[in-house]
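Following: one structure in structure tokens, then a few remarks.
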Amino acid sequence: MLLGAKPKSTKTGLRLTLGSLPPNVLERLTYFREIRLNGTAQSIPFQARLEASALTKQSRYRTQAPSQDEMPVLTRQSTRYSAHGLHEYRGKFNPQIVRAIGNLLQLPHDAWVLDPFCGSGTCLLECAHVGWNAVGIDLNPLGVFISNAKLEAMRVDTTVLAAHVQRLVNRLNSKVRGLDLNKPLSALGYTRLRAAEEARLPNRAYLEGWFAVSVLAQLECIEGEIRRLESSHVRSIAQVVLSDCLRIVSWQDPGDLRIRRRKDPRQNYPLVPLFTTALAQRTAAVIRARAVIGRVRGVHRAVLGDSRQGLPNTAPRPHGRMALFDCIITSPPYATALPYIDTQRLSLAFLGLVQEEGIRCLERSLIGNREISFRERDVDEGQIDKAAGLLPQEVLAICRLTRRLVLNSNDGFRRQNVPALLFRYFRDMSQMFASTLPLVRPGGSFALVVGPNRTTLAGREIQIETPRLLAMVAQHVGWHLTEIFPLDAYQRFDLHQKNSIRKEALVILRRPRKDGRQ
């Protein structure tokens, strides 16, 4: 669609016969390692150069982007280039798909994009790379914090970034030189780690239950040194990298999505060298990417909010004649979604984004969460038969099927909760579709990447065709379905592979025009 020509498959790739093209249109290609014009001249698309900046053949600490001769051979997609690698975030979607969707929708260079489930900012960061304006909404304050730190990494002066990081790394390495951080700290060690500016960690009592005293001393030391940095942008970037190190040095099992304790907890872990290495390598990758990207233009921001209630007042808004978004691009949560808050509660507590007593409440507020009381389950199950006008009949039918299966089964409480959770999920997604419809210009699109779910109830496996059902829910509130494209899910983690989503779909919706045309 981007090139207006149908490709022909060859032994070495794809061949297209093209007429005249707008300037730099070949630069926008996403899944191509190189382009050969007339079979000879080699051109490497922007996306390939950007991914190569993370896979440079030289040292990972290098801050220069690779030259043409140093360009590594791309054999698979990179998902941690630029600032994408600052912090891991379970469930995020492939960054390349954002650019591919933008090409599919033929977005102009100054388009306004909304992501109502922005998570850790994958869509927002990709929009910053391309030059599209982007606004993200999320109920998870950690996701919003990470998103904005990634966006700040695109704007901070790279010379300032490199200098501040180097000074921070040098100060921390100096403090731990000669200390054995695999053993509990001595009194001398605690004295050495005392920061120039004492850090008072929020939720200290909670953190003491999940970190050894010697690790907390390192954590306070790092946080105190971060606070000495003059640049607020660099402080945010450093805090995000530190947050990403927490699970590895905690008593929480890093291989479990739920918050469960390690079977072999230690009294110290080498947090300082882990952090300084990660910070140096990840900021070097950012600086290499910035050399490829050049100046970042436009508006890019994540805000805390609930997309079921529309655009928060704190969010930037499109300007111009229509003052509406050109499109929505997102990867929404699934029914019975990943336990984001359980997985991230150490970071949320350490950064002071939520108080210990508010963690459970935050978990329950997210769309697709699994937390539900017996009373709430009874109320939601009772609503299934009363929601004929609220949700499409096929959606209600699968809710009724699951309710019927668990009614007289011996399934545990998690499976007994499935009917109510499914109903609640589709009801919440319906509210989101309804609240975002008026935010998009007539003729504008809503692109979402989501996969099917499956569950076993009363010994019977039930397939939940989430992409198709969500398309029905969206149409029920006024969106028009354009197409559903099947996709292969890109496996980024080995964790729980047997239960992971193997297939996804790209659902393209469109807001009807005022004349009724789609």
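Couple of notes before you dig in:
- In region 343-369, the residue that is nearest to Gln239 (Cα to Cα) out of those that are β-branched (Val, Ile, Thr) and part of a helix (DSSP H, G or I) is Thr343.
- Positions within region 290-323 being part of a helix (DSSP H, G or I) and either farther than 30 Å from Arg171 by Cα or at pLDDT below 95 (or both), in sequence order: Ala291, Val292, Ile293, Ser307, Arg308, Gln309
- Residue within region 182-201 that is crowded, with 16+ Cβ neighbours inside 10 Å, closer than 29 Å to Asp157 by Cα and either in the same structural domain as Leu346 (by TED's automatic domain parsing) or of a type in the set (Ser, Thr, Tyr) (or both) present: no
- Complete set of residues in region 135-154 that are more than 23 Å from Ala280 (Cβ to Cβ) and in contact with a Lys or Arg (Cβ under 8 Å, 6 or more places away or on another chain): Val135, Gly136
- For region 94-111, the set of residues classified as of a type outside the set (A, V, I, L, M, F, W, C), closer than 18 Å to Arg297 by Cα and part of a helix (DSSP H, G or I) consists of Arg99, Gly102, listed by residue number.
- From the list Leu168, Leu172, the lone residue that is in contact (Cβ under 8 Å) with a residue 60 or more places away in the chain, crowded, with 19+ Cβ neighbours inside 10 Å, touching a Phe, Trp or Tyr at 6+ places or on another chain (Cβ under 8 Å) and assigned by TED's automatic domain parsing to the domain that holds Val272 is Leu172.
- Any hit, region 254-274, residues being buried (at least 21 other Cβ atoms within 10 Å of the Cβ) and modelled with pLDDT under 95: no
- Test: residue in region 393-401 that is buried (at least 22 other Cβ atoms within 10 Å of the Cβ), touching a residue at least 12 places away in the same chain (Cβ under 8 Å) and either in the same structural domain as Val135 (by TED's automatic domain parsing) or part of a helix (DSSP H, G or I) (or both): yes
- Residue that is farthest from Glu465 (Cα to Cα), among those in region 331-365 that are of a type in the set (A, V, I, L, M) and in contact with a strand residue (DSSP E or B) (Cβ under 9 Å, 6 or more places away or on another chain): Leu346
- Residue match in region 265-283 (condition: closer than 20 Å to Gly119 by Cα and of a type outside the set (Gly, Ala, Ser)): yes
- Within region 402-448, considering residues that are hydroxyl-bearing (Ser, Thr, Tyr) and out of contact with any strand residue (DSSP E or B) (no Cβ under 7 Å at 6 or more places or on another chain), the one surrounded by the fewest Cβ atoms within 10 Å (Cβ to Cβ): Ser435
- Residue match in region 227-243 (condition: under 30 Å from Met154 (Cβ atoms), modelled with pLDDT under 95 and in a helix (DSSP H, G or I)): yes
- Reported count of residues in region 329-386, each being of a type in the set (Val, Ile, Thr), touching a residue at least 60 places away in the same chain (Cβ under 8 Å) and in contact with a helix residue (DSSP H, G or I) (Cβ under 6 Å, 6 or more places away or on another chain), is 5.
- Going through (1) more than 21 Å from the chain's Cα centre (by Cα); (2) closer than 28 Å to Val440 by Cα one by one, Ala315 falls short only on (1).
- Scanning region 239-267 for residues that are under 19 Å from Glu225 (Cβ atoms) and not hydrophobic (A, V, I, L, M, F, W, C) gives Gln239, Ser243, Asp244.
- Residue ID - nearest to Gly310 (Cα to Cα), chosen from residues in region 114-139 that are assigned by TED's automatic domain parsing to the domain that holds Val303 and in a strand (DSSP E or B): Ile137
- Taken together, Ile328, Ile341 contain a single residue that is among the aliphatic types (A, V, I, L, M), at pLDDT 95 or above and assigned by TED's automatic domain parsing to the domain that holds Leu422, which is Ile328.
- Selection count where residues are surrounded by 14 or more Cβ atoms within 10 Å (Cβ to Cβ) and part of a helix (DSSP H, G or I), scope region 370-392: 6
The values are calculated or read from the model by the stated rules, or taken from the named source; none is laboratory data. Just so you know, these numbers come straight off a predicted model, no measurement behind them. No Cβ is skipped: glycine too gets one built from the backbone with ideal geometry, and neighbour counts run over all protein chains shown.
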